[in-house]
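The values are calculated or read from the model by the stated rules, or taken from the named source; none is laboratory data. As the structure is a prediction and not an experimental result, all values here were calculated from the model. We place every Cβ from the backbone using ideal geometry, glycine too, and count neighbours over all the protein chains shown.
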Amino acid sequence: MRLKNLMVFALATTFISTSLVSASADSAKPGLSMTHMKTGAGLASTLEAAGVVLYVQGGATASVIGDSISAAAGQYVFHIPITANKSGVQHLGSNIVFFNTANNSQLQLRNPVIDLSKGVITATVPQAGDQKLDILTITNAASLQPKVTNDRKANLRTTAYAGATLSLAPGIAAAISTILGLPANSLPDAAAFGSADVTLYSKIKKK
């Protein structure tokens, strides 16, 4: 399969798509949250055909939907713990990694921050001089509506955003190709990446 088709990117979020497997053995607590991200069908196999493996590090977990990553409809699924901060929610201590097995090159997306108000996901990229870059665009951010559930017994509010659709931020496709040593124009600019669900836990505010 041609590298040019590598990111027939219906990925997600998340983060950043969204195949939701239970993520953490810890019970939900205020300030602790979770992103469920899954790639679009076919991304895993096209990446593998190019010698590129996608995985997570730190406090995140990964799995595969389908028979294997080489399956035509195979999908990566990530479960990433997040914490709230002033600009959104941040994947503290968790990295998303693109690794080219052909030349041992990698691209790390460190501590991604989801900013629902701006509709972007940023991350620190060591291979780009530790710059904080817009990595993904949340294409439907303006229409995302949270589902709020209150557990008054546990004094816990759950705010869930389902079905965030992600695409590569402008210019990031070229950066990925360059850092991984892939041929120029291997990835289309602003290609679809996948989908994600974001769940935030907080205390119920007393009136």
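For region 31-60, give me each residue that is crowded, with 18+ Cβ neighbours inside 10 Å and not hydrophobic (A, V, I, L, M, F, W, C).
S33, T35, H36, K38, T39, G40, G42, S45, T46, E48, listed by residue number.
Going by the structure shown, is I114 at pLDDT 90 or above and within 24 Å of T158 (Cβ to Cβ)?
Judged against the criteria, I114 is not a match.
Name the residue, out of Q75, Q90, that is surrounded by 19 or more Cβ atoms within 10 Å (Cβ to Cβ), modelled with pLDDT under 80 and of a type in the set (S, T, N, Q).
Just a single option satisfies the conditions, and that option is Q90.
Looking only at region 108-122, count how many residues are out of contact with any Ser or Thr (no Cβ under 7 Å at 6 or more places or on another chain), part of a strand (DSSP E or B) and surrounded by fewer than 23 Cβ atoms within 10 Å (Cβ to Cβ).
Counting residues in region 108-122 that are out of contact with any Ser or Thr (no Cβ under 7 Å at 6 or more places or on another chain), part of a strand (DSSP E or B) and surrounded by fewer than 23 Cβ atoms within 10 Å (Cβ to Cβ) gives 2.
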